[in-house]
Protein chains: 2
Amino acid sequence: MRIGELAETAATTTKTLRFYESQGLLPPAERTPAGYRDYNPDTVARIDFIHRGQAAGLTLAQIRQVLDIRDRGRAPCDHVRDLLDARLVAIERQIAHLTALRDNISELRDHAAEPEPATCSPDQICRYL
Amino acid sequence: MRIGELAETAATTTKTLRFYESQGLLPPAERTPAGYRDYNPDTVARIDFIHRGQAAGLTLAQIRQVLDIRDRGRAPCDHVRDLLDARLVAIERQIAHLTALRDNISELRDHAAEPEPATCSPDQICRYL
DNA sequence: CTTGACCTTCCCCTGCACTGGAAGGTCCAG
DNA sequence: CTGGACCTTCCAGTGCAGGGGAAGGTCAAG
């Protein structure tokens, strides 16, 4: 199948597929005599895997590592488990950070609402910050 | 005060200060006869304000808008309140998204742990994704 | 007079995952 | 034989907030 068909089937764009190839996420495609890329339909599964990895918050570089391991014939499962564990830790940290930020902003917003002066004091830029 | 002193006092770098000036967050500084920037010590408060805005998750473009309003003599408080409200909404969305992501990853991770085959099935890249 | 710290402008680089567009080749229907 | 859809490569830009480093000017101390 040609790149446009693959892009549509796998819900992506031709630009992205060429980009993935340049980044080593897809192996260099076969070529027709005219130089067109000619893909094996199995490539769709590989792109779906990339999409699932992205949905889990992995970077393309991490996904490429996983695919490299798989392409060398080894099972990348343990590596993926470690990546997911690291993602979980990072996500927990992000959530904690955002929660604290939300509480800070809420406080700023509500704390400043009470006195309600017509304008800020001249030596201050804004009573909310 | 010169740029190095201001940078140290305001806990930033000379690079950043020149960048802020180029982005309109700081007014063009006075110059000494030799061409050195010569800052009013009040500038420290302005940089602190920028830092507080960043800590609240505002972009430099948004902070610049606030400072522009203030510099035109008007109180930016209402505008800042709106920005903070929008940030709160965005943060809530981010938290919800990250929480769902965390739950998905947790499930992937624990669900795949049980059968524990030695390797992934040949038509699958990894049992975790 | 020189050394070293500080300052100036200038342009390019970073990470991330693409996206846009130019210039040109290929293929098929009408 | 022409038009349009599709494909190729390559270069450059996006957003965000700066950072790196070159080439050169300035100033005070020794």
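The values are calculated or read from the model by the stated rules, or taken from the named source; none is laboratory data. If you're wondering where the values come from, they're calculated on a predicted model, not measured in any experiment. No Cβ is skipped: glycine too gets one built from the backbone with ideal geometry, and neighbour counts run over all protein chains shown. Side chains are part of the model used for accessible areas, which takes the heavy atoms of the whole protein and leaves out ligands, DNA and RNA. Shrake-Rupley method; radii C 1.70, N 1.55, O 1.52, S 1.80 Å.
Considering the rotation that superimposes chain B on chain A, the residue of B whose beta-carbon lies nearest the axis, and that distance in Å, is B:I95, 3.
Please report the projected area of the protein assembly as shown's Cα convex hull averaged over all directions, in nm².
Averaged projected area of the protein assembly as shown's Cα convex hull equals 20.9 nm².
Remark: accessible area buried at the B-A interface is about 3800 Å², both chains counted, probe radius 1.4 Å. Candidates B:I63, B:N104, A:Y20 compared by Cα position along the dipole of the protein assembly as shown: farthest toward the positive end lies A:Y20, with charges placed on Cβ. Copy-to-copy label distances for A:L60, where each label lies 7 Å from Cα along Cα-to-Cβ, are 2.5 nm in order of increasing length. Under a 5 Å amide H cut-off, with hydrogens placed 1.01 Å from N, B:D38 pairs with B:E30, B:R31, B:T32 among residues at least 5 apart or on other chains. Only Cα pairs under 8 Å and 6+ residues apart enter the sum, and on that basis the relative contact order of chain B stands at 16 percent.
Based on Cα coordinates alone, diagonalise the gyration tensor for region A:29-129, multiply each eigenvalue by 5, take square roots, and list the semi-axes in whole Å, largest first.
Taking √(5λ) for each eigenvalue gives 52, 20, 10 Å, largest first.
Here A:D110 yields copy-to-copy label distances, from shortest upward, of 3.3 nm, the label point defined as 7 Å from Cα along Cα to C-beta. Counting only DSSP H runs of at least 4 residues, each contributing -39500 (n - 2.57), and dividing by the residue count of chain B, the helix-based mean residue ellipticity at 222 nm comes to -19500 deg cm²/dmol.
Note on region A:41-94: Cα convex hull, mean projected area over all directions, 3.7 nm².
A Cβ-based charge dipole, computed about the Cα centre of chain A with Lys and Arg at +1 and Asp and Glu at -1, lands at about 620 debye. For region A:1-77, trypsin sites (Lys or Arg not before Pro) are listed when DSSP marks them as loop and at most 14 other Cβ atoms sit within 10 Å of their Cβ; the list is A:R2, A:R72, A:R74. The accessible-area loss of region B:34-82 on complex formation, taken against its chain alone with a 1.4 Å probe, reaches 30 Å² or more at B:F49, B:R52, B:A56, B:R70, B:A75, B:C77, B:V80, B:R81. Per residue, how much accessible surface does region B:19-129 expose to a 1.4 Å probe? Answer in Å², no decimals. It amounts to 57 Å² per residue over region B:19-129. Computed on region A:1-74, with alpha-carbon pairs under 8 angstrom and 6+ residues apart, the relative contact order is 30 percent.
Of the Cα atoms belonging to region A:1-74, the radius of gyration and Dmax stand at 12.1, 39 Å.
Considering only protein heavy atoms and a 1.4 Å probe, what is the carbon-and-sulfur percentage of the accessible area of chain B?
Here it works out to 51 percent.
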